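Q: Below: one structure in C-alpha cells.
The values are calculated or read from the model by the stated rules, or taken from the named source; none is laboratory data. Just so it is clear, the structure is predicted and the values come from calculations on it, not from any experiment. Cβ: placed from backbone, ideal geometry, glycine included. Neighbour counts: every protein chain shown.
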C-alpha cells in the first residue's frame, strides 16, 4: 500500500569522531563528545492523518515489528503529549542500513514528530519535540534539527557547528551491530579526555588526520565483527577512514563527489557502499508544505 501525499525525508548521520568521556553515576549512561553531520542518504516516510485516533504502520519493514518501530512510537508519544484526537497511517521506506551506526531509526522518529506536529497542529517548537523524542533515543533531538552539531552529554546537548562542504564514501558491511552490546563491553574505553569545541574547529576538513580524534567504539566492534574490520582495512588503504557511531558502517571524507566516486568504483563486489553529501540543514525544508 502506498499512501498519498509528499515523501518526507529522514536523513542519516555520521559521527565524525566519537569519544566516551565518562558515565553518569545514577543510571550508567555514557557521556559522549562527538560531531554529528547529517548526510543526504534518507529513509522516506509518508503520512496520512486519521480521524479515528489510530496510529498504525501500513507496510512491513523486515526486522522491525510495527509496535517497536521508533516512527510509530514517536507518533504515539506526540499524541500523548499533545492530547490530539487525530491518528496517523505511516508508511516507511528504509534506505538507511539498520545497525550501521547511521541513526536511521532515530531519524525516522524525528521526521514523524516534525511532520505530525504540523499536520496535527500541536504547536510544539523544535526544543519541545526533541524533549519528547529523547524518550526514544539520545539521537532524536539531533535529528529534529538535523544540522551539523557539536554533541555532548548522553547525546542530547547540541551546539551548532560549521563544517566545510564534504562528500563521504560510506562502506556498509552486511552486519547489524547491536549498540547495547558495544556499550556493555568491558574493554570499551570510557575515560577519554574531554576536548573543547575549538580543538576540533581548527582541524576540519582534516579531522581524520588528527590522532586526538577517533571513535572509541571502533576497536571493540572490529574485534567482534570481521566484516567491519575488513571494510575498515579496505577503505583505510585508500583514504583516512573511521567507523561511525556504534558501527558497523565506516567512512572517509572527500572534497568532491568525483573523488569519493573514484574510490567507490573499485569497491569489491563483496562489499556495499554509497557516496553521500554532508547537509547543512534538515532536508524537510526542501519538501513543499513541510515544517
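Q: Within segment 36-54, can you find the residues that are crowded, with 16+ Cβ neighbours inside 10 Å and in contact with a helix residue (DSSP H, G or I) (Cβ under 6 Å, 6 or more places away or on another chain)?
A: Across segment 36-54, the qualifying residues are 36, 43, 45, 47.
Q: So if I check each of 31, 14, which one is closer than 26 Å to residue 287 by Cα, outside the structural domain of residue 206 (by TED's automatic domain parsing) and either buried (at least 16 other Cβ atoms within 10 Å of the Cβ) or at pLDDT below 95 (or both)?
A: One residue alone meets the criteria, 14.
Q: On to the next question. Which condition does residue 68 not pass, out of (1) crowded, with 16+ Cβ neighbours inside 10 Å; (2) at pLDDT 95 or above; (3) under 20 Å from the mean Cα position of the chain (by Cα), if it passes all the others?
A: (1)
Q: Mind counting the residues in segment 223-248 that are farther than 20 Å from residue 211 by Cα, crowded, with 22+ Cβ neighbours inside 10 Å and out of contact with any helix residue (DSSP H, G or I) (no Cβ under 7 Å at 6 or more places or on another chain)?
A: 1
Q: Within segment 120-159, restricting attention to residues that are touching a helix residue (DSSP H, G or I) at 6+ places or on another chain (Cβ under 7 Å) and in a strand (DSSP E or B), which residue is nearest to residue 80 (Cα to Cα)?
A: Ranking the qualifying residues of segment 120-159, first place goes to 158.
Q: Across segment 118-151, what is the total count of residues that are in contact with a strand residue (DSSP E or B) (Cβ under 6 Å, 6 or more places away or on another chain) and farther than 25 Å from residue 197 by Cα?
A: So the answer is 1.
Q: List the pairs whose first member sits in segment 87-109 and is at negative phi and without any contact (Cβ under 8 Å) to a residue 40 or more places away in the chain, whose second member is outside any loop (DSSP other than H, G, I, E, B) and surrounded by fewer than 21 Cβ atoms within 10 Å (Cβ to Cβ), and whose Cβ atoms are under 6 Å apart, counting only residues at least 6 apart or on separate chains?
A: 87/50
Q: Residue 124 - would you say it is assigned by TED's automatic domain parsing to the domain that holds residue 32 and over 11 Å from the mean Cα position of the chain (by Cα)?
A: So residue 124 fits the description; yes.
Q: Answer yes or no as to whether residue 77 is touching a strand residue (DSSP E or B) at 6+ places or on another chain (Cβ under 8 Å) and outside the structural domain of residue 228 (by TED's automatic domain parsing).
A: Criteria not met by residue 77.
Q: Considering segment 71-98 alone, what residues qualify as being surrounded by fewer than 19 Cβ atoms within 10 Å (Cβ to Cβ) and part of a loop (DSSP other than H, G, I, E, B)?
A: 83, 85, 94, 95, 98
Q: Something else about it: Suppose we filter segment 154-176 for residues that are surrounded by 15 or more Cβ atoms within 10 Å (Cβ to Cβ) and at pLDDT below 95; how many remain?
A: Of the residues in that region, 8 qualify.
Q: Hey, can you tell me all the residues within segment 225-256 that are out of contact with any strand residue (DSSP E or B) (no Cβ under 8 Å at 6 or more places or on another chain) and either outside any helix (DSSP H, G or I) or in contact (Cβ under 8 Å) with a residue 40 or more places away in the chain (or both)?
A: Passing the criteria: 225, 227, 230, 237, 246, 247, 248.
Q: Test each condition in (1) in contact with a strand residue (DSSP E or B) (Cβ under 7 Å, 6 or more places away or on another chain); (2) within 24 Å of residue 8 (Cα to Cα) for residue 271 and report the one that comes out false.
A: Answer for residue 271: the failing condition is (2).
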